[in-house]
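These notes are about the structure you will find just below.
No lab work stands behind these numbers, since they all come straight from the coordinates. Keep in mind it's a predicted model, so treat the numbers as computed, not measured. No Cβ is skipped: glycine too gets one built from the backbone with ideal geometry, and neighbour counts run over all protein chains shown.
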């Protein structure tokens with residue numbers, strides 16, 4: 001068996017986990033992020049989610065995210081973008097004391113590079129980053145797609161699961 005055959009066989013026989021289990025894990029992570037993301041009264045901010053573009057934001061809105069969602073594709077260079085996030089959100093979330101930003105780039109090669117670049121630049125300014133949602137979605141939703149916007153078609157399946165976790 002050649003090198004490529006081994007990879008194919010491993011993927012073929014190990015296969016993805018049961019879809020129900022994967023969707024449950026994804027919904028739980030999304031519910032936790034939604035709790036952190038919710039708008040806060042009196043001029044405060046919920047923990048913003050940073051995504052690549054408009055379609056990613058639309059997908060998250062369809063899934064029930066109501067708080068701030070920031071897009072990196074706005075025509076700014078990375079230095080200006082990182083300075084903006086640092087200035088606007090600081091180094092700690094005022095509501096729960098956790099990381100002030102949830103970084104959610106796509107789980108393809110480009111998204112991974114963006115995730116690393118933004119995380120490294122923000123951490124150099126002592127801004128902690130919440131990456132848990134991306135880590136869970138990367139593992140749980142990879143068979144369905146490699147982008148945040150690819151989650152939108154599964155909203156009918158994911159939304160009831162997310163709501164159930166929000167009520168816990």
Note to self, the chain gives a 222 nm [θ] from helices alone (DSSP H runs n ≥ 4, -39500 (n - 2.57) apiece, / all residues, nearest 500) of -16500 deg cm²/dmol
What FRET efficiency comes out for residue 123 versus residue 61 if R0 is 30 angstrom and r is the Cβ-Cβ distance? Round to the nearest 0.05. 0.60
Gyration tensor on Cα atoms of segment 80-164, a ≥ b ≥ c root eigenvalues, a/c under 1.5 rounded, else prolate if a/b beats b/c, else oblate, says oblate
With a point put 7 Å past each Cα toward its Cβ, work out how far residue 91 is from residue 165 in nm, to one decimal. 3.0
Sorted by packing (mean other beta-carbon atoms within 10 Å per residue), highest first, where do 19-32, 81-94 land? 19-32, 81-94
Segment 17-167, relative contact order in percent, only Cα pairs under 8 angstrom and at least six apart counted: 32
